[in-house]
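Below: the structure, in structure tokens.
The values are calculated or read from the model by the stated rules, or taken from the named source; none is laboratory data. Fair warning: this is a prediction, and the values are worked out from it, not measured in the lab. Cβ sites come from the backbone with ideal geometry, for glycine too, and all protein chains shown count toward neighbours. What goes into the accessible areas is simple: the full protein's heavy atoms, side chains included, and nothing from ligands, DNA or RNA. Shrake-Rupley method; radii C 1.70, N 1.55, O 1.52, S 1.80 Å.
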Amino acid sequence: MMKKEMSALPEPVKSFNEELAEMLTQKPPVSSSKMKDITRCAMKAQKYYKHIVMSVEKLIQKCKPEFKLSGIYVIDAIVRQSRHQYKEKDVYAGRFEANLHTTATHLFRSSKGDQVKICRTFKLWELNKVFSYHSIQKCLNNANPDIRKEGVQLAEDSFAKMNTDKPGVNVDIKKQQKDLEEQRRKILEQQEELKRKQEALFQQNSAAIPPILGNLLHFGQNDQSDEPATKAAETAKKVKVI
């Protein structure tokens, strides 16, 4: 960012950008203390959240591949803290989601190992309802299928482990599984019913075919049997005339 542009920014935004710039001078992964500093500056600059989101998006776009993973962790830390601190008044999640698909294209310009972790983060966002299912699927579609599968599996395992000690969550999961099984059973029953109706209709149509063919054959035989008799009568008339 140009010095002139930097000087025109509000102080909270400048402080945040300085923390981001300092992060790039350290070898990844980002330390927890540095992530806390970045997050704290983002919360102080909530009034200028559009500037903060733009700074993070630009960082992810322009940074070296080894810092892409740090970029998505910055988004995660800011959004989680904002949702915790401001509840329904959170402004960061919606702003990040607006350009999440474009951000994802830059995030996946990283190593295979980092891409797996990025996919894991996207899937955890979906499971925890941080961003919408539609937005997350668009982002995951940018990843290599094998990498996506590995990252998604890691996320699902982590999510299940995190919720192991939460009885209410376990009940909800079991209820969802039961509902899904019930839906599958109803679908199978509908398919079987449709199959029976199709077979009955086929048998009904098949039963109607023989009489129709019989009538056609009988009609053809009458035509063939009458033809020689007509010719014989005509021949007899000619003989009499002669």
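Taking a sphere under 15 Å around the Cβ of Arg109 and counting the other residues whose Cβ falls inside, with K and R at +1 and D and E at -1, yields a net charge of +3. Computed extension gain for Leu24 through Asn99, at 0.36 nm per residue and net of the alpha carbon distance, reaches 24.8 nm. Among the listed pairs Lys34/Lys68; Lys68/Lys117; Lys14/Lys47; Lys117/Lys161; Lys64/Lys129, a Cα-Cα separation exceeding 19 Å is found for Lys64/Lys129.
Take segment 1-150 with all the other protein chains still there, run a 1.4 Å probe, and you get 56 Å² of accessible area per residue. With the full set of protein chains in place, find how many percent of the accessible area of segment 33-159 is carbon and sulfur; take the probe as 1.4 Å. The value for segment 33-159 is 49 percent carbon and sulfur by accessible area.
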